[in-house]
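Remarks on the structure that follows.
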């Protein structure tokens with residue numbers, strides 16, 4: 001079976017949720033994980049810190065390097081990438097997981113929140129990708145995996161939350177443009193998005209969602225693992241859905257990913 005053993009992953013926003021799940025799945029292979037996120041101290045409402053996840057990575061069999069990093073800040077990103085390369089000798093995989101959300105209409109979106117979403121989602125994804133790519137070029141199987149939806153200009157995805165949709169689609173456009181730009185370098189640049197709502201801390205930002213009608217982050221972690229263990233020149237520039245990726249590997253039983261098996265699942269945004 002394909003493995004991430006001895007591969008170095010640079011994961012943004014990996015202190016909880018899907019980023020943490022991807023990190024722990026790679027750790028079980030014996031991967032090196034760089035956690036670049038802001039949460040150093042426990043938050044009363046949000047579980048997880050870079051240090052608690054680092055401990056879990058080590059317990060799972062991987063190696064961890066937790067780095068406090070605000071991906072909106074050029075100097076912090078450059079320092080984090082330099083520290084990762086110095087510590088592990090290079091970077092093989094970048095997972096652009098960090099994201100900010102506000103499902104609010106135009107009149108209800110404060111500009112401070114607008115700036116946060118564009119700073120983290122769009123600028124952060126571009127900046128971290130830009131900073132990692134020179135190191136990815138030196139890898140034998142380089143990947144960038146961005147957690148972003150397939151692009152769809154249907155107004156129904158914009159009208160309820162125009163600012164958030166633009167910010168997430170900005171991440172998708174990084175995939176769309178960078179994949180052909182760096183194809184000759186053999187860097188696989190793909191997007192991954194969930195078929196259903198995933199039970200994470202971000203659910204608090206989505207009013208009225210029943211957690212029992214969601215899947216766990218492990219489905220995204222397993223799908224990411226399947227993508228990242230594929231030879232990089234075989235698949236790039238694709239907007240992949242977690243369930244489709246796993247079906248292609250032979251998975252047919254998805255009940256194990258359900259928060260409560262048997263419940264009707266909620267489709268995720270943008271699908």
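With 209, 197 as the choices, which residue is over 24 Å from residue 10 (Cα atoms) and touching a residue at least 60 places away in the same chain (Cβ under 8 Å)? Among 209, 197, only 197 is over 24 Å from residue 10 (Cα atoms) and touching a residue at least 60 places away in the same chain (Cβ under 8 Å).
Of all residues in region 149-204, those that are farther than 20 Å from residue 227 by Cβ and outside any helix (DSSP H, G or I) total 9. Only one of the listed residues (53, 34) is at pLDDT 95 or above and either part of a helix (DSSP H, G or I) or at positive phi (or both). That residue is 53.
Can you pull out every residue in region 90-102 that is part of a loop (DSSP other than H, G, I, E, B) and either out of contact with any strand residue (DSSP E or B) (no Cβ under 9 Å at 6 or more places or on another chain) or buried (at least 22 other Cβ atoms within 10 Å of the Cβ) (or both)? Talk me through it step by step, then tell me what you get.
Taking region 90-102 first, the residues part of a loop (DSSP other than H, G, I, E, B) are 90-92, 97-102.
Scanning region 90-102 gives 91, 92, 97, 98, 99, 100, 101, 102.
Scanning region 58-89 for residues that are surrounded by fewer than 16 Cβ atoms within 10 Å (Cβ to Cβ), touching a strand residue (DSSP E or B) at 6+ places or on another chain (Cβ under 8 Å) and assigned to a loop (DSSP other than H, G, I, E, B) turns up just one, 89. Please find, within region 22-38, the residue that is nearest to residue 80 (Cα to Cα) out of those that are more than 16 Å from the chain's Cα centre (by Cα) and surrounded by fewer than 24 Cβ atoms within 10 Å (Cβ to Cβ). Among those residues, the one meeting the criterion is 30.
I'm trying to understand the selection: among the residues of region 146-158, which are under 14 Å from residue 12 (Cα atoms) and in contact with a helix residue (DSSP H, G or I) (Cβ under 6 Å, 6 or more places away or on another chain)? Answer for region 146-158, where residues must be under 14 Å from residue 12 (Cα atoms) and in contact with a helix residue (DSSP H, G or I) (Cβ under 6 Å, 6 or more places away or on another chain): 146, 148. Among the numbered criteria (1) in contact with a helix residue (DSSP H, G or I) (Cβ under 6 Å, 6 or more places away or on another chain); (2) part of a helix (DSSP H, G or I); (3) under 26 Å from residue 177 (Cβ atoms), which single criterion is violated by residue 233? Only one criterion in (1) in contact with a helix residue (DSSP H, G or I) (Cβ under 6 Å, 6 or more places away or on another chain); (2) part of a helix (DSSP H, G or I); (3) under 26 Å from residue 177 (Cβ atoms) is unmet by residue 233, namely (1).
You will find that of 41, 5, the residue that is assigned to a loop (DSSP other than H, G, I, E, B), more than 18 Å from residue 133 (Cβ to Cβ) and modelled with pLDDT of 95 or more is 5 and no other.
Which residue, of 112, 137, is over 22 Å from residue 241 (Cα atoms), in contact with a helix residue (DSSP H, G or I) (Cβ under 6 Å, 6 or more places away or on another chain) and surrounded by fewer than 16 Cβ atoms within 10 Å (Cβ to Cβ)? Step by step, each of 112, 137 is checked, and only 137 is over 22 Å from residue 241 (Cα atoms), in contact with a helix residue (DSSP H, G or I) (Cβ under 6 Å, 6 or more places away or on another chain) and surrounded by fewer than 16 Cβ atoms within 10 Å (Cβ to Cβ). Among the residues of region 8-31, which ones are closer than 21 Å to residue 201 by Cα and part of a loop (DSSP other than H, G, I, E, B)? Correct list: 13, 14, 15, 16. Here region 212-225 is the region considered, the condition is being touching a residue at least 40 places away in the same chain (Cβ under 8 Å) and assigned to a helix (DSSP H, G or I), and the residue that is surrounded by the most Cβ atoms within 10 Å (Cβ to Cβ) is 224.
The values are calculated or read from the model by the stated rules, or taken from the named source; none is laboratory data. Remember, it's a predicted structure, so these values are computed and weren't measured experimentally. Cβ sites come from the backbone with ideal geometry, for glycine too, and all protein chains shown count toward neighbours.
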